[in-house]
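The values are calculated or read from the model by the stated rules, or taken from the named source; none is laboratory data. A quick note: this is a predicted structure, and the numbers were derived from the prediction, not measured. Positions of Cβ are generated from backbone atoms using ideal geometry, with glycine treated the same way; all protein chains shown enter the neighbour counts.
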Amino acid sequence: MRTRNIVLAALIGFTAVSAQADVANAEKLVSIYSELAKHDNPEYAGPTAADGKFFFNRKIKLGNGKLMACASCHTSNPADEGKHIVTGKPIRPLSPVVNTKRFDDFEKVESKFTQHCKDIIGSDCTAAEKASYITYLLTEKTPSAKK
Ligand code: HEC
């Protein structure tokens, strides 16, 4: 399965050399955030891809009345390249399976989460939300067919 994804990633031009290491890193982040979530709430039942998917696509009303979701810039398929809805700049895919640069640096991930969650939701996301978010991204392995 994984070999197939690496081949796929190589075909579409991403450097896939350390794909496994990055997937492992993302998985490690999931367990770190899960531990933090358990610390916040001893009843915490663990991350799910379904929660992460809901969170990713959930539209939130901003101060200016516009609806925005993580998917607004990152697209509804996190294995695809995104596009910043304000600047129009491309954003490399969020899925660590197709983009090996994702989730390789805890500090960076934390600062991006804080920044984007504040922009969209108005406060930082919880550890439980982050754990499910990355769990969901790990399930998104297949970029959409090129148009
Ligand atoms: C207005 C556009 C926009 C929206 C909406 C948005 N992002 Fe982002 N996101 C970006 C850009 C731009 C980057 C950084 C570009 C890059 O690293 O390629 C990024 C990168 C990230 C990263 C960095 C991952 C890594 O390790 O490289 C995380 C995590 C992230 N976003 C989470 C979120 C979450 C969670 C939401 C929804 C609450 C969200 N983003 C909504 C534009 C957006």
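Observations, loosely collected:
- Selection within the stretch 90-109 - near the ligand (Cβ under 8 Å from one of its atoms) and aromatic (F, W, Y): F103
- Looking only at the stretch 72-89, and only at residues there that are within 8 Å of the ligand (Cβ to nearest atom) and in contact with a helix residue (DSSP H, G or I) (Cβ under 7 Å, 6 or more places away or on another chain), the one that is modelled with the lowest pLDDT: I85
- Helices (runs of 4 or more DSSP H) contained in the stretch 55-147 and holding at least 1 residues in contact with a strand residue (DSSP E or B) (Cβ under 8 Å, 6 or more places away or on another chain) and touching a residue at least 60 places away in the same chain (Cβ under 8 Å): 106-120
- One residue from K101, K118 being under 26 Å from N41 (Cα atoms), loosely packed, with under 15 Cβ neighbours inside 10 Å and in contact with an Asp or Glu (Cβ under 9 Å, 6 or more places away or on another chain): K118
- Selection count, the stretch 40-54, where residues are in a helix (DSSP H, G or I) and more than 9 Å from Y136 (Cβ to Cβ): 1
- Filter result (closer than 16 Å to K112 by Cβ and either over 10 Å from the mean Cα position of the chain (by Cα) or within 9 Å of the ligand (Cβ to nearest atom) (or both)) within the stretch 52-67: F55, F56
- Unmet requirement for R92, which otherwise passes all of (1) modelled with pLDDT under 90; (2) under 17 Å from I134 (Cβ atoms): (1)
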